[in-house]
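K.L.:
After the structure tokens below, expect a handful of questions from me.
The values are calculated or read from the model by the stated rules, or taken from the named source; none is laboratory data. Everything quoted here is computed from the prediction, not taken from an experiment. A quick note on method: Cβ atoms are made from the backbone with ideal geometry, for glycine too, and the neighbour counts reach across all protein chains shown. Note: areas computed on protein heavy atoms with side chains; ligands, DNA, RNA excluded. Shrake-Rupley method; radii C 1.70, N 1.55, O 1.52, S 1.80 Å.
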Amino acid sequence: MEYIASISYGKDSLAMLEVIYQNNLPLDRIVHVEIMATKDIPADLPPMMEFKAKADAIIYEKYGIKVEHITAPTTYEDGFYHICKGKKSRNAGKIYGFPLQKGNWCNSRLKQSVLEKVQKNAIVYIGIALDEPKRFHNLTATKRSPLVEYDWTEKMCRDWCKENDLLSPIYTQSLRGGCWFCHNQGINQLRKLRKNYPDLWALLLKWDKDSPVSFKADGHTVMDYEKRFQMESTAKVPIGRTFKWEMMEDNKMTIRTYTAESVTCGHPDKLADLIADSILDECLEQDENSRVACEVMLAHNKCFISGEITTAAEVDYEYIAQSVIAQVGYDPSNIEVEIRIHKQSTDIAAAVDGEEQGAGDQGIVYGYATDETINYMPLPVELAHRLTNRLEECRRNNIITGLRPDGKSQVSIQYRGDRFDKITSVVISAQHDENKDLAELTAEIREKVIGKELKEYDLTDAEILINPSGRFVIGGFEADTGLTGRKLMVDTYGGIAHHGGGALSGKDASKVDRSGAYLARYIAKNIVAAGLAEKCEVALSYAIGVPRPTAIDVNTFYTSTVNERLIAKAVEKVFDLSVVGTIEKLDLRRPVFFQTAVGGHFGKDFLAWENTDKTEALNGAIKA
């Protein structure tokens, strides 16, 4: 029969070795099972690993036995991403994630199979002190506790370890003694983990995002703690155990619904944007230094084009308007076009075209990015755009017969805290021919638009509304007046982020309403893509004639991995924030704006401001 001591390097298991030695108990092997967080990252923090090495040397010197370190073949990450197969489990089909219950999860899930194999047909010594009655039920004829047998208490174990320089960091440094990702650790240990080991904290945040269940049994996520610690660091809440969760929003428990809409190219407001941006592109095609501020209004067979345009280009405004109207799918033959165009004010021109190009006006613009979608756009507006794009595809390719150009979509999504929960409603309104059967149209849109674009989502509880008003034959600007810049949320982030109020379409890049908004998106997207935050909003303020923003603000909504002030400083180092620098970097003198007018100005990877080429530089500036 083999005698094995199983140790954890806690005070009890180390003192147990001394009791075995003092009482001449048989001992053949000393074993310890090592847990890995991932295949490359240990579960122990560096001070604990150093302590183990020191303890091994002392143990060998005292007892003449080398500690056998056996690495568990399954890592914590393996268990975390294991698919739950229990048919009755509410998490069936999902990854296991963080443990659903408190308890010694690492022992039961990762160590047990290794220990059972090593300890088979052996007498096993375990470190349970005399005054740990709750654990006595673990003791059997083959699983003995020398500490219990010889009346050693926890205090005696601690005193002995202290005298023999075998007191682990859990006691000397208040450092987590077990796995650094354990869901049982306290608030102070989590705070130290975040401060001293940011790379491990970042991995914990990643797991938190992926996990279907919360980190702590009380419902709090790792992100909740991240937000709490950020608030502590900015003195918004006190540090310490007196913290009350109601002092901040507990996102795990907060349920909110966000809604976004999108419209097709035949919507009167979007058609006005298309005409304005087509005029801008024509000016830039001939003269890249054109100054354009074009506004279009459409109403009852009338197209009114106005604005301030200074350009060397020769532009047939009426032809462009009629061509765009025809491309969209309306008959332009009976549309009257009225033009009221004059040159840009000389006062404004003098302010803008100084020694260094200044902003074309004052104002504030916002850029936003989130990692909830692959193109870093908010999910509600992303899905709304997908639906209108598909509706347009079905019309142009005759996948659904009888569709006309005007249409719109709306998607409502429920979030639990910051996490997607479910789609609660989908609305699609589609203009159609007079003889189109509405029941047939409803079925086709449900199958060929919603069914195709939202097939990966469970719509069981979602309210689906298709042409809720019924008949939709009269549409476009025959039914409603269209105006440039009247779909600001469709153009940007669907209402998730702030908006400065300035329209985008019809304006050349000297107008910071447009170029500044593109720059702000470029910055925000690179911040998120660099892993510095899960979501980010960048605000830039401008003054007319001034070459650079008068103010910059970075808001990560308590999701950043570093202090926001460091991110803001890195932004100023990495990005050229000047008006001319923005125009040159984002190539805004080219005629690319027609393709931004429908389906949003952001989230399209072929546009220069959607590049994520500054991530490495941002991370480098943070570390510098």
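K.L.:
I want to confirm something. Restricting to the range 238-268 and keeping residues that are open to solvent by 10 Å² or more (accessible area, probe 1.4 Å) and aliphatic (A, V, I, L, M), which single residue is modelled with the highest pLDDT?
P.N.:
Taking the candidates together, the pick is ILE255.
K.L.:
While we're on this one: Contact list please: Cβ distance under 8 Å, first residue in the range 412-423 and within 19 Å of THR556 (Cβ to Cβ), second residue in a strand (DSSP E or B) and at pLDDT below 90, pairs at least six apart or on different chains.
P.N.:
The qualifying pairs are TYR415/ILE255; TYR415/ARG256; TYR415/ASP421.
K.L.:
A further question on this structure: Take the residues in the range 129-182 that are hydroxyl-bearing (Ser, Thr, Tyr), open to solvent by 60 Å² or more (accessible area, probe 1.4 Å) and at pLDDT below 90, then tell me which one is nearest to the chain's Cα centre (by Cα).
P.N.:
Of all residues in the range 129-182, those hydroxyl-bearing (Ser, Thr, Tyr) come to 140, 142, 145, 150, 153, 168, 171-172, 174.
Pick out the ones that are also open to solvent by 60 Å² or more (accessible area, probe 1.4 Å) and you get 140, 142, 150, 171-172, 174.
So of that shortlist, the ones also at pLDDT below 90 come out as 140, 142, 171-172, 174.
Values: THR140: 50, THR142: 51, TYR171: 37, THR172: 38, SER174: 33 Å.
This residue is SER174.
K.L.:
Could I ask something else about it? Specify the residue that is nearest to THR254 (Cα to Cα); the eligible residues are those in the range 426-464 that are polar (S, T, N, Q) and not in a helix (DSSP H, G or I).
P.N.:
THR460
K.L.:
From the list ILE544, ILE523, ILE464, ILE496, exactly one residue is over 19 Å from LEU379 (Cα atoms) and open to solvent by 10 Å² or more (accessible area, probe 1.4 Å). Which is it?
P.N.:
ILE544
K.L.:
Still on this structure, I have one more. LYS535 fails exactly one of the following numbered conditions: (1) basic (Lys, Arg); (2) within 25 Å of GLU356 (Cα to Cα); (3) open to solvent by 10 Å² or more (accessible area, probe 1.4 Å). What is the number of that condition?
P.N.:
Evaluating LYS535 over (1) basic (Lys, Arg); (2) within 25 Å of GLU356 (Cα to Cα); (3) open to solvent by 10 Å² or more (accessible area, probe 1.4 Å) leaves (2) as the failure.
K.L.:
Looking only at the range 276-307, which residues are part of a strand (DSSP E or B) and under 21 Å from ARG590 (Cβ atoms)?
P.N.:
ARG291, VAL292, ALA293, CYS294, GLY307
K.L.:
Go through (1) open to solvent by 10 Å² or more (accessible area, probe 1.4 Å); (2) small (Gly, Ala, Ser); (3) assigned to a loop (DSSP other than H, G, I, E, B) and name the single condition SER510 misses.
P.N.:
(1)
K.L.:
If you go through the range 442-463, how many residues are more than 19 Å from ILE399 (Cβ to Cβ) and of a type in the set (A, V, I, L, M, F, W, C)?
P.N.:
Of the residues in that region, 2 qualify.
So that you can scan it fast, the table gives a plain yes or no per residue for (1) within 29 Å of PRO547 (Cβ to Cβ); (2) without any contact (Cβ under 8 Å) to a residue 40 or more places away in the chain:
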{"position": "TYR319", "(1), (2)": "no, yes"}
{"position": "ALA326", "(1), (2)": "no, yes"}
{"position": "GLU336", "(1), (2)": "no, yes"}
{"position": "SER345", "(1), (2)": "yes, yes"}
{"position": "ALA349", "(1), (2)": "yes, no"}
{"position": "VAL352", "(1), (2)": "yes, no"}
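K.L.:
Pick out, from the range 311-425, the strands (runs of 3 or more DSSP E) lying fully within it that include 3 or more residues that are open to solvent by less than 30 Å² (accessible area, probe 1.4 Å).
P.N.:
Correct list: 363-370, 403-416.
K.L.:
I would also like to ask the following. Working only within the range 288-304, note down all residues that are within 41 Å of the chain's Cα centre (by Cα) and open to solvent by less than 30 Å² (accessible area, probe 1.4 Å).
P.N.:
SER290, VAL292, ALA293, CYS294, VAL296, LEU298
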